[in-house]
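Derivation of every value follows stated rules applied to the coordinates shown; laboratory data play no part. Bear in mind that the values here come from a model prediction, so they are computed numbers and not experimental data. Counting neighbours? That spans all protein chains shown, and the Cβs are built from the backbone with ideal geometry, glycine included.
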Ligand SMILES: O=C(O)CCC(=O)C(=O)O
Ligand SMILES: [Fe+2]
């Protein structure tokens with residue numbers, strides 16, 4: 001199929017992804033959610049984990065609801081000047097058929113035992129107090145790509161509450177979903193929960209795409 005290089009929105013959203021080998025679509029009329037096992041090999045995952053461990057800081061959230069335990073993980077902004085990071089970013093964008101210019105920098109997350117990211121959506125709440133601050137330049141978030149870098153010994157699944165889908169962490173497994181509906185409005189059915197790690201440590205990277213280019 002021909003490559004559709006765009007910001008990933010509009011009537012063709014997801015078409016490029018569906019044409020890729022080994023992509024599974026989670027059946028739901030409410031949500032465009034895709035899984036690609038083995039997107040990254042264990043060596044690439046381990047190299048990214050090393051970088052997260054070197055530069056992690058407490059995670060933050062937009063539109064805080066006042067719950068200090070809402071997102072208890074640690075975050076790391078990965079450096080695009082690092083060729084390992086740049087290669088992974090480019091491969092994710094190509095896989096989705098989205099021009100890399102629309103991507104936020106790749107972000108790593110690390111969850112120790114008991115840490116989680118409670119149920120939330122990745123788009124910015126249009127009526128939220130932080131909307132303008134986050135969306136003035138690059139617009140709303142469109143697609144999320146999330147890559148599991150390892151398998152914690154217990155817990156740490158990602159649960160999509162509206163469609164009742166539980167995705168288990170697996171080294172190299174990529175999860176992608178469209179945060180928007182076909183008409184461009186945010187899709188509340190993308191509500192998800194990064195569940196508590198019960199044993200071991202969980203590492204993921206997240207790549208968010210925007211409606212307009214991200215400033216470099
Ligand atoms: O760690 C997870 O399973 C989910 C992470 C997540 O939803 C996020 O970083 O926005
Ligand atoms: Fe999320």
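Observations on the model:
- Just one of the listed residues (184, 114, 200, 156) is away from ligand 1 (no atom under 15 Å from the Cβ) and either within 17 Å of the chain's Cα centre (by Cα) or more than 19 Å from residue 65 (Cα to Cα) (or both), and it is 184.
- Whichever residue in segment 49-67 is touching a residue at least 60 places away in the same chain (Cβ under 8 Å) and either under 25 Å from residue 179 (Cα atoms) or within 16 Å of ligand 2 (Cβ to nearest atom) (or both) and, among such residues, is nearest to the chain's Cα centre (by Cα): 62
- Residue 213 meets all of the listed conditions (1) under 17 Å from residue 106 (Cβ atoms); (2) within 15 Å of ligand 1 (Cβ to nearest atom) but one, namely (2).
- Whichever residue in segment 187-197 is under 16 Å from the mean Cα position of the chain (by Cα) and closer than 17 Å to residue 114 by Cβ and, among such residues, is farthest from ligand 2 (Cβ to nearest atom): 195
- Near pairs, Cβ below 6 angstrom, 6+ apart or cross-chain, from segment 133-147 (in contact (Cβ under 8 Å) with a residue 24 or more places away in the chain and more than 20 Å from residue 182 (Cα to Cα)) to any residue that is outside any strand (DSSP E or B) and within 14 Å of ligand 1 (Cβ to nearest atom): 134/62; 134/124
- Per-region count, segment 65-87, residues surrounded by 13 or more Cβ atoms within 10 Å (Cβ to Cβ) and closer than 20 Å to residue 193 by Cα: 7
- Any hit, segment 163-171, residues being surrounded by fewer than 17 Cβ atoms within 10 Å (Cβ to Cβ) and within 24 Å of residue 66 (Cα to Cα): no
- Selection within segment 92-114 - within 14 Å of ligand 2 (Cβ to nearest atom) and under 19 Å from residue 152 (Cβ atoms): 107, 108, 109, 111
- Residue within segment 111-121 that is surrounded by 13 or more Cβ atoms within 10 Å (Cβ to Cβ), more than 27 Å from residue 31 (Cα to Cα) and out of contact with any strand residue (DSSP E or B) (no Cβ under 8 Å at 6 or more places or on another chain) present: no
- Qualifying residues in segment 55-64 (those that are within 12 Å of ligand 1 (Cβ to nearest atom) and surrounded by 13 or more Cβ atoms within 10 Å (Cβ to Cβ)) - the one farthest from residue 107 (Cα to Cα): 62
- A count restricted to segment 28-55 and to residues that are more than 18 Å from residue 173 (Cα to Cα) and not in a helix (DSSP H, G or I) stands at 5.
- Of the strands (runs of 3 or more DSSP E) lying entirely inside segment 147-186, those containing at least 2 residues that are touching a helix residue (DSSP H, G or I) at 6+ places or on another chain (Cβ under 8 Å) are 174-178.
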